[in-house]
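Okay, structure first, notes after.
The values are calculated or read from the model by the stated rules, or taken from the named source; none is laboratory data. As the structure is a computational prediction, the values presented were derived from the model and not from experiment. With ideal geometry, Cβ positions are generated from the backbone for all residues, glycine too; neighbour counts draw on all protein chains shown. All accessible areas refer to the heavy atoms of the entire protein, side chains included, with ligands and DNA or RNA removed. Shrake-Rupley method; radii C 1.70, N 1.55, O 1.52, S 1.80 Å.
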Amino acid sequence: MPNASVDISSAAAPPERRPARRVRRLWAGARPVVLPLAVVVVLGLAWEAAVRFFAIPEFLLPAPSLIYSEIMAIRGPIVGHTLATLQTTMLGFGVSLAVSLPLAVAITASPAIANAVYPLLVVTQSVPKVALAPILVVVFGAGETSRVLVTFLVAFFPLVISIATGLLAVPPELVELGRSLKATRLQELFRIRLPYAVPFVFSGLKLSITFSVIGAVVGEFVAAERGLGYQILAATAFFRTPIAFGAVIILSAMGIILFQAVVLIERICFPWSAQEETSRR
Amino acid sequence: MIEVAGVAKTFEAQDGSAVPALADASLAIARDEFVAIVGPSGCGKSTLLRLVAGLMRPTRGAIRIDGEEVTEPRADIGIVFQAPTLLPWATVLSNVLFPLRILGGLDDAAEARAGALLALAGLAGFERKMPRELSGGMQQRAAICRALVHDPRILLMDEPFGALDALTREEMSLELLRIWTERPKTILFVTHSVPEAVLLADRVVVMSARPGRIADIVPVALPRPRSFDQESSAEFQACAQRIRGHIFRRRAA
Ligand SMILES: Nc1ncnc2c1ncn2[C@@H]1O[C@H](COP(=O)(O)OP(=O)(O)OP(=O)(O)O)[C@@H](O)[C@H]1O
Ligand SMILES: [Mg+2]
């Protein structure tokens, strides 16, 4: 009888099957990272092989190995460009969040504000930002202000919409609960509506951060003397295609890393929100 | 203490037509009285509770508490809604403490009280769990604790035991009676179970549907403390018969 508990546990998981299960669990955890990486490696190898086999000229399609060596040759300046783009991206993202949150609250607080603001929002979205950027440069000069503004214009719309959707998605019963406790409008906002909207806010942030990278590059196309967007323009002007390709790859990596950072922040700070989203899927 | 005087409530449907939910309801509830409400689905039970809670205004008539007309929600009322309505982002304990977070009065003593309430409801050890990790019946029990945490003078309960199994239901009924005896309060209790209504209440309000109105008010003369042994008593049977009579007469007509 003293070994009763041991017996039970070994009955549930026979010793010879335990390692297999551990391997399976490890694989389940690593799969989301390993699989895409494997795909990238295979594609890269295929690309390299194709370029060599068909002898494609490097200004049309440089081989990955060439892109790597060319980028590494100027890695000092490349790091500078990357940081410049990162700064514009984060500033634009920050401004988007700072504007979107109160804007969404205002829109959902009163139909009058919603009616007044919504058409304006849609207009800002239907204007192509690439067309707007040069005009902004005329007004604000070819500096960081213009670039951050372009980034903001690209990135804030999905955020406003997601947050507003979340604020309006609060079940009426929860609002009624607040009302029955004589909650003030501020308490209703901070204790019920905003917490409820957190998963929606994060859906918006994930869209917004990726859009911010795009916005920063658009800004750099028209108004910059540094940044990866500028680097792409400069490199293509001189047919240095490997550099342009390298900059594009760094940009995608930046987008992926920033996106994952948002996912991570959500998981750490709002675990219930992250769970909510996986269960909703 | 609670006075429902000629109250009617008519809703406006999406298409603009009028939906009479409650017609000419009058009812006087004494201080610390336990009143149960039974009636078919859609007869306006939840509507009546919402009106008393001050969550909506009557179309006609008035609700008065201690002679004062109810025009907005009051802090001395605790409500158990028909659905648990827990905050999905807060632990069970924070959910139970939510009324104090809004009304003020959140301290260690309150936390201890909330823990004791949860233990009473059979939820000891679930304080740090999220609502999604609880079954429907457990969520409803947590919602009952939430309604009790600020020790309100008036308790409005809308089918609080609806999501519970028969055994837990009987257990919770007796627990509710115990709490009510220890800390007397005025209780309005909506239920679909005739035996439950008779066992718990001093008086049972029987409602009929379309339009919702009060068909009868049945006084229950069973001695307290109540127990399920009384179910076989003549008084219990007589009350249950009288209530069922109203419901079935309506069906036959
Ligand atoms: N907010 C509302 N808008 C329009 N009609 C409503 C509203 N609330 C309730 N009603 C209508 O009023 C009537 C009574 O509803 P109520 O919720 O009070 O019924 P109930 O007795 O609680 O029913 P149940 O036992 O099913 O919970 C129903 O016909 C319902 O359609
Ligand atoms: Mg109801």
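At a probe radius of 1.4 angstrom, the accessible area of segment A:82-180 per residue rounds to 44 square angstrom. Applying the criteria of a DSSP loop state and at most 12 other Cβ atoms within 10 Å to the chymotrypsin sites (Phe, Trp or Tyr not before Pro) of segment B:74-135 yields no site. A viscosity of 1.306 mPa s and a temperature of 10 °C, combined with the Kirkwood radius over C-alpha pairs in the Stokes-Einstein formula, give segment A:180-281 a diffusion coefficient of 97 µm²/s. If only the Cβ of Lys and Arg carry +1 and only the Cβ of Asp and Glu carry -1, the dipole of the protein assembly as shown around its Cα centre is close to 740 debye.
Given a Förster distance of 56 angstrom, what is the FRET efficiency for A:Val42 paired with A:Ile135, based on the Cβ-Cβ distance and rounded to 0.05?
Numbers: r = 44 Å, r/R0 = 0.79.
Here the calculated transfer efficiency is 0.80.
Here is the P(r) of segment B:1-124: all C-alpha pair distances, binned every 10 Å from 0, give 11, 33, 30, 21, 4, 0 in whole percents.
What do you get for Rg/Rh of segment A:62-280 when both radii come from the Cα atoms and Rh is the Kirkwood radius? Can you show the working numbers first?
Details: Rg = 20.4 Å, Rh = 19.0 Å.
My calculation puts Rg/Rh at 1.07.
Where in segment B:22-61 does the amide nitrogen come within less than 20 Å of the point 7 Å from the Cα of B:Thr181, taken along Cα to Cβ? Label zone hits: B:31-36. With distances taken between every two different alpha-carbon atoms, segment B:127-228 has a Kirkwood hydrodynamic radius of 14.9 Å.
The charge dipole of segment A:13-90, taken about the Cα centre with unit charges on the Cβ atoms of Lys, Arg (+1) and Asp, Glu (-1), comes to about 840 debye, rounded to the nearest 20. Residues whose amide H falls under 5 Å from that of B:Met207, counting only those 5 or more places apart or on a different chain, are B:Val38, B:Gly39, B:Ala215, with hydrogens built in the peptide plane.
What number, in percent, do you get for the relative contact order of chain A if the mean sequence gap of Cα pairs under 8 Å and at least 6 apart is divided by its residue count? Let's see the in-between values first.
Values: 288 pairs, mean separation 64.8, N = 281.
Relative CO of chain A lands at 23 percent.
A loss of 50 Å² or more of accessible area (1.4 Å probe, protein heavy atoms, ligands and nucleic acids excluded) relative to the isolated chain is seen in these residues of segment A:127-176: A:Leu174, A:Glu176. Counting only other chain Cβ atoms within 10 Å of each residue's Cβ, the peptide A:181-187 averages 5. For the protein assembly as shown, the percent of C-alpha pairs falling in each 10 Å distance bin, counted from 0 to the bin holding the largest distance, reads 3, 14, 18, 18, 14, 12, 10, 6, 3, 1, 0. Here the gap between A:Ala49 and A:Ala237, fully extended at 0.36 nm per residue and compared with their Cα-Cα distance, gives a gain of 65.0 nm.
The helix-only estimate of mean residue ellipticity at 222 nm for chain B, built from DSSP H runs of length n ≥ 4 each weighted as -39500 (n - 2.57), is -11000 deg cm²/dmol after division by the residue total. Placing a label point 7 Å from the Cα of A:Thr145 along the Cα-to-Cβ line, the residues of segment A:197-235 whose backbone N sits under 20 Å from it are A:216-226.
Calculate the mean, over all residues of peptide B:129-136, of how many other protein chain Cβ atoms lie within 10 angstrom of the residue's Cβ.
Values: counts 0, 4, 1, 4, 1, 0, 0, 0.
Going residue by residue through B:129-136 and averaging, the value is 1.
Considering every Cα-Cα pair within segment A:210-265, what fraction, in whole percent, is farther apart than 19 Å? Summing the P(r) of segment A:210-265 above 19 Å gives 30 percent of all pairs. Using θ = phi - 60° in the Karplus curve 6.51 cos²θ - 1.76 cosθ + 1.60, the 3J(HN,Hα) couplings for segment B:199-213 round to 4, 7, 8, 7, 9, 10, 8, 9, 10, 10, 9, 6, x, x, 8 Hz; x is entered for Gly and Pro.
Note on B:Lys45: lysines with a C-alpha under 29 Å away, same-chain residues under 8 apart excluded, are A:Lys182, B:Lys9, B:Lys185. On the protein assembly as shown, 65 percent of the accessible area sits on carbon and sulfur atoms, based on a 1.4 Å probe. For chymotrypsin sites (Phe, Trp or Tyr not before Pro), the sites in segment A:176-275 that DSSP calls loop and that have at most 14 other Cβ atoms within 10 Å are A:Phe238, A:Phe239. Couplings for segment A:203-210, taken from phi via the Karplus curve 6.51 cos²θ - 1.76 cosθ + 1.60 with θ = phi - 60°, read 4, x, 4, 5, 5, 5, 5, 5 Hz in order; Gly and Pro are left as x. Summarising the overall dimensions of chain B from its C-alpha atoms, the Rg and Dmax are 18.2, 57 angstrom.
Sorting the segments B:109-116, A:36-43 by their residues' average number of neighbouring beta-carbon atoms within 10 angstrom, most packed first, yields B:109-116, A:36-43. Please compute how much accessible surface disappears when A pairs with B, both sides summed, using a 1.4 Å probe, and round it to the nearest 100 Å². By this definition, chains A and B bury close to 2000 Å².
Rounded to the nearest whole Å², what accessible area per residue is found for chain B with the 1.4 Å probe? Provide the component values of the computation, followed by the final result.
Numbers: 10820 Å² over 253 residues.
Roughly 43 Å² per residue, with all protein chains present.
Counting residues in segment A:49-179 as N, plug N into 2.2 N^0.38 Å and put the Cα Rg over that result. Intermediate values should be presented prior to the final figure.
Numbers: Rg = 22.2 Å, N = 131, 2.2 N^0.38 = 14.0 Å.
In units of the 2.2 N^0.38 Å rule of thumb, it is 1.58.
Interface burial in segment B:95-117 reaches 10 Å² or more for B:Phe98, B:Pro99, B:Arg101, B:Ile102, B:Leu103, comparing the full protein assembly with the chain by itself; accessible area from heavy atoms with a 1.4 Å probe.
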